[in-house]
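Down below is the structure, laid out as structure tokens.
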Amino acid sequence: MAMFSQNPLVNGPNYSISDMPRVNAPEGAREHRFDPYTDNGGSTLAIAGADFTVMAGDTRLTSGYSINSRHHPKLFKIGGTTADQKDATIVLSVVGFAADGEALKERLDAICKMYRYRHGKPMSVKACAQRLSTILYQKRFFPYYAYAILGGLDEEGKGAVYSYDPVGSYEREQCRAGGAAASLIMPFLDNQVNFKNQYIPHSGEGHALLERERRPLARHEVETLVKDAFDGAVERHIEVGDGLQMMIITKEGIEEVLLPLKKD
Amino acid sequence: MTSIGTGYDLANSIFSPDGRNFQVEYAVKAVENGGTSIGIRCKDGVVLAVEKIVTSKLLKPNANKRIATVDRHLGVVYSGMIPDGRHFIDRARDEARAWRDTFKTPISTADLASRMGGYMQAYTLYQSVRPFGITAIIGGFDSTDEPRVDGEVGTGPSCGAGGKVAGKTHGGPFLYMIEPSGLYWGYYGAATGKGRQAAKAELEKLDLGGPGGPSLTLEEAVKEAARIIYVAHDDSKDKEFELEMTWISGPDGPTKGLHQEVPKALREEAERLAKKAQEDDEDDEEEDVEGKEKMEE
Amino acid sequence: MDHRPQAWGRPRDDVYGAYDASYLQTSGPKTATQSPVVTGTSVIAIKFRDGVVMAADNLASYGSLARFTDVKRLRPFLSTSVVGFGGDVSDMQFLDRHLTELAIDESYEHEHSENPAKSQLNAANLHKYLSKLMYRRRNDFDPLWNQILVAGFDSSSKPFLASVDLRGTTFTSPSLASGFGAMLAQPIMRRYAATEEDAARLSREEAVNVVKECMKVLFYRDARSLDRYSIAVVTKDGVELSEDEQLEKQSWAFAERIRGYGTQTV
Amino acid sequence: MFRNNYDNDSVTFSPQGRIFQVEYAAEAVKQGSVVVGIASNTHAVLVAIKRNAEELSSYQKKLFPIDEHVGIAIAGLTSDARVLSNFMKQQCLGHRLTYGRSMPVRTLVEMIGSKAQINTQHYGKRPYGVGLLVAGVDDQGPHLFEFQPSGMTEEMVAFAIGARSQMARTYLEKNLDKFADCGREELIRHGLRALKESLVQDRELTVDNTSVGVAGLVASDQDGTTKVEPFTVYDQQEVSAWIDSVADDKEGGASAAEGEGGTMEVDS
């Protein structure tokens, strides 16, 4: 370096030579100004009943203030024998970064199909839920930016909902909202599904009132709740709207419903 | 085969004292057991044809093709061990793709022949592999237009530096044959497989290598190819066979520079003529015999 | 002659200035494409009763410089689908070459089929493939800096139109527009085809007119656009692609009334 | 130990240009119990005889689903078949993931053909000791392919491989012209009849030893488009009706077939 210093008076004319010492970064290290993530908005919701599970999500796909698509489903049937998933019994909902959600769905589905090929029987929701957690955790340091909810019926035929964070922490719950409007919907569910803050009037002194008795909700009640939850979310959140996709899982199979939401 | 049993023929890549590689010669034997393949380079294209012996009635008719396309403008036909031929074609397609990756333009027939000749030759060099049990015929039509660069977005300057040179010609029809040793030559007409002797004799009768270039047109070549396969088949008359034919013309011809199967109507016409020619020949022979007998009387 | 052989043949700093070696990345981690360089602007497309219409102008910009004015950004695939590219032009060329090879591979598989058209990759298959490719490249932190529209037909022979971008995000809609078009053209197209049912009622002529109208609006208001463009119509009969269209019936009357920009003094 | 000097490995040609190791591998296919496959214009079926090692042991599976549109029948070394089966499954899954469509059957078969060919050209490898019948449906309709240890793959109208399969093939050749227009049930019955031809004296088809696999194209009632009937393997009670339906024509042979497919050729 010194020989080609930038001082022309001392050394005469200088020449450009790239003989700077190469400081090697660790093998495979990359600098990037590319942001691999984006948030495609939207919201999802799942509620487990006594012998059914209702999964729901809006169908809007946004990037920034643009609506990319008014019909982009967030609910996917998983683990059927065929590509059309006619005999599937499990539903996965994903919200967050749509491309990661899609990739996550395809991996889980491929794993379910290999499981069936190897073991000759379908995967249980419980096993599938555990496997999904593993998939997410395996990408702990470059996570799927997706909030997943898995729904189905457990071994006893009861509704089962498993909810996840993007790196695989999961638990089985009665109900869960995910995505853009999760913070709007979740308190509503706490109150309406788990009867939080519902007390029987005059059942005690001051605030020491008896809680309202908890009971599992009937299917039609749940469906109404879901619709109400989304109508509310559409009103208050710009990334939610266009269409409501609902899947109701019962022992007869999966029923799919598509309802309109406000498109504003 | 005087050296059988001397031990020099038990492994590939071994020279015998008289400088032969027996395993390669045995691979040629495998080729000579296979159905006849031929290629004809004519005025405006190339025709490839193969005789496919029907080994079982249960084979689905016309479903199992033996002539394969490489890139878009090249065809490969082979005689010998069919799975080896499939491998050869897989490799040829890889080479064509690698060429495009590097040079952004389709591979020429000569370059593919060179690459594949090298590949076949490599299988004669090691004891850990065996030579290919096939002889392959590669036919192609290299673009007569100024070669386009893959992925180019505009048309570029029409003249001047980097532009087109008036009157410059490119490409044309080409034909090569590669043997198990990796040896290859360019041909006017090529034949291999069981009936190669008869086929070669017929090919030599055609005007393919004259000083003014071949006068045979594609359509004529198709008919000749069919006839030659029928002639070459003569010796093993007991077994049925299917005739498969493909052709490649220039951009103005019937295939527009692509390697394609000869249309069914034309192939059937060619087969009809081939059968007729054969029957005529037989009649002639019978007459000859009768004539002789009469003379003797 | 300089006494240092190392200096022979080198450009002199006092003539050319010191060489900026920063791009050589002699230190620090490896970098992949960090930003697009030569770019194409919007691609727009709309479905109609019997197919899809797509258009993109023929400009490749280098920053604000209109660098190449004869760049074709719509590419037919197997003469059954059309792919339109927005974003980096060199990445587009890479993809174009890749698709050429894909088309050749595809013809290998079906060269002997009785009815190749039936089993060849359709637009939906192609879009799926491209989305996997783009998503893999984003996972490698080496994205192809494009937004791509794919038009053609799906496996049930219905018109198909979908998009994939540099992150592998995919979506479909009766009309789609990339880049500036998402702001300017999409609202216009949605007036004509808000839903699939609307699109299924559009005639070919109506669809082409909407697209031409959108191209005009884009030329008026998108600074990196051109009035020469390519337009493709995909129907069951194949792809009709014209690559050297001129925007017609431009009106610049309104520009005279705009004040506060350019060289105007009042 | 060896019959000659040229049969030690698969990289040595005999003076006649043969590769004995590959030919011996083909013999392994004949050790396996017989499997039959037939394709019509709408369906592709596989039927197979399962063997058990002894009275009380279970029966060896012969039919394997690969993907929703393809299945295979195997004759020869089961463990080799499993390797190929896993490979095919993976390829089909990958193709579906990448392109969103089912893999063309010919493409799939040629893949295992290429894989098998490599094993016949390199020292230290051995040819696969298994033959396959691959049945499936794709956009071009139903297909049946035969795969041999040499890497040879051919599309067939109908075929049988495995022990004593020549008798089954003879049956298939005699009835060749009928298959194209056969319905699903009749096609299965043809398969079972061919299978019976290959049975050893005083053995017969039972629900325990018979497997049936079917893939097909079904015309959808709504819009005239065709839908795929996914490849499904039937065992045990599921096959009893089919077995019963071909049980009575044991001696008469032709009687059942005559009803639907016209007169059957009878060996003179």
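No value in this document is a laboratory result; all are computed from the given coordinates. Just so it is clear, the model here is predicted, and its values are computed rather than measured. As a convention, Cβ positions derive from the backbone with ideal geometry for all residues, glycine included, and neighbour counts pool all protein chains shown.
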Legend entry - Local electrostatic count, C:Pro116, Cβ distance below 10 Å [Lys/Arg +1, Asp/Glu -1]: -4
Inset, instruction - Output the peptides A:57-63, B:78-84 sorted from most to least packed, where packing is the average of other Cβ atoms within 10 Å over each peptide's residues. - result: B:78-84, A:57-63
Legend entry - Cα lying deepest toward the dipole's positive end in chain A, options A:Thr38, A:Val95, A:Val167, charges on Cβ: A:Val167
Inset, instruction - Can you tell me the equivalent ellipsoid semi-axes for the protein assembly as shown? Use √(5λ) from the Cα gyration tensor, largest first, whole Å. - result: 56, 45, 30
Legend entry - Exercise: per-residue mean of other protein chain Cβ atoms within 10 Å, C:6-14: 5
Inset, instruction - For chain B, with a Gaussian network of springs between Cα atoms less than 10 Å apart, report the residue from B:Ala136, B:Ala63, B:Ala92 with the top mean-square fluctuation. - result: B:Ala63
Legend entry - Cα gyration tensor category, rounded, prolate or oblate, for chain D with a/c compared to 1.5: oblate
Legend entry - Placed amide H near C:Arg12: partners under 5 Å, 5+ positions off or other chain: none
Legend entry - With eigenvalues of the C-alpha gyration tensor scaled by 5 and rooted, chain A, Å: 48, 25, 19
Legend entry - Positive-end extreme of charge dipole, the protein assembly as shown - chosen from B:Ile82, B:Gly154, C:Val37 (charges on Cβ): C:Val37
Inset, instruction - Using just the helices of chain B, give the 222 nm mean residue ellipticity in deg cm²/dmol: DSSP H runs with n ≥ 4 each add -39,500 (n - 2.57), and the total is spread over all residues, rounded to 500. - result: -12000 deg cm²/dmol
Inset, instruction - Please report B:Ile14, B:Ile89, B:Ile38 as a ranked list, fewest other C-beta atoms within 10 angstrom at the top and most at the bottom. - result: B:Ile14, B:Ile89, B:Ile38
Legend entry - Compactness of the range C:129-266 as Cα Rg over 2.2 N^0.38 Å, two decimals: 1.24
Legend entry - Interatomic Cα distance distribution for chain B, bins of 10 angstrom, percent: 6, 25, 30, 22, 12, 4, 1, 0, 0
Inset, instruction - Indicate the gyration tensor shape class of the range D:1-115 (rounded, prolate or oblate), computed on the Cα atoms with a ≥ b ≥ c the square roots of the eigenvalues: a/c under 1.5 is rounded; otherwise a/b larger than b/c is prolate and the rest oblate. - result: oblate
Inset, instruction - Which order do the peptides A:35-41, B:126-132, A:211-217 take when ranked by the mean count of other beta-carbon atoms within 10 Å per residue, highest first? - result: B:126-132, A:35-41, A:211-217
Legend entry - P(r) histogram, all alpha-carbon pairs of the range C:186-266 included - 5 Å bins from 0, percent: 3, 11, 18, 20, 18, 13, 7, 5, 3, 2, 0, 0
Legend entry - Shielding by partners, peptide B:28-35 (average Cβ within 10 angstrom, other chains): 3
Inset, instruction - Rank these for me by crowding, A:Thr81, B:Thr6, going from fewest to most other beta carbons within 10 Å. - result: B:Thr6, A:Thr81
Inset, instruction - Could you work out, residue by residue across C:83-95, how many beta carbons of other chains sit within 10 Å of that residue's beta carbon, and then give the average as an integer? - result: 1
Inset, instruction - Using a/c under 1.5 as the rounded threshold, could you call the range D:161-251 rounded, prolate or oblate? The axes a ≥ b ≥ c are square roots of the C-alpha gyration tensor eigenvalues, and prolate needs a/b larger than b/c, oblate otherwise. - result: prolate
Inset, instruction - Go ahead and set up a Gaussian network model of chain B, Cα springs under 10 Å, then flag whichever of B:Asp150, B:Asp90, B:Asp18 fluctuates most. - result: B:Asp18
Inset, instruction - Quick one: compute a quarter of the convex hull surface over the Cα atoms of chain C and quote it in nm². - result: 21.5 nm²
Legend entry - Test item: Cα-centred dipole of the protein assembly as shown, Lys/Arg +1 and Asp/Glu -1 on Cβ, debye: 4360 debye
Legend entry - Residues C:Lys216, B:Lys52, sorted so that the one with the fewest Cβ neighbours within 10 Å comes first: C:Lys216, B:Lys52
Legend entry - 222 nm mean residue ellipticity, helices alone, for chain C (DSSP H n ≥ 4; -39,500 (n - 2.57); rounded to 500): -10000 deg cm²/dmol
Legend entry - Above-threshold pairs, the threshold being 29 Å between Cα atoms, out of B:Lys57/B:Lys256; A:Lys113/B:Lys65; B:Lys52/B:Lys200; C:Lys236/D:Lys115; B:Lys29/B:Lys200; C:Lys128/D:Lys178: B:Lys57/B:Lys256; A:Lys113/B:Lys65; C:Lys236/D:Lys115; C:Lys128/D:Lys178
Inset, instruction - Would you work out the relative contact order for chain B, in percent, from Cα pairs under 8 angstrom that are 6 or more residues apart? - result: 26 percent
Legend entry - D_trans [Stokes-Einstein, Kirkwood Rh over alpha-carbon pairs] for the range A:69-148, 37 °C, 0.692 mPa s, µm² s⁻¹: 252 µm²/s
Inset, instruction - Show me A:194-204, D:185-195, D:233-243 ranked by packing, highest mean number of other Cβ atoms within 10 Å first. - result: D:185-195, D:233-243, A:194-204
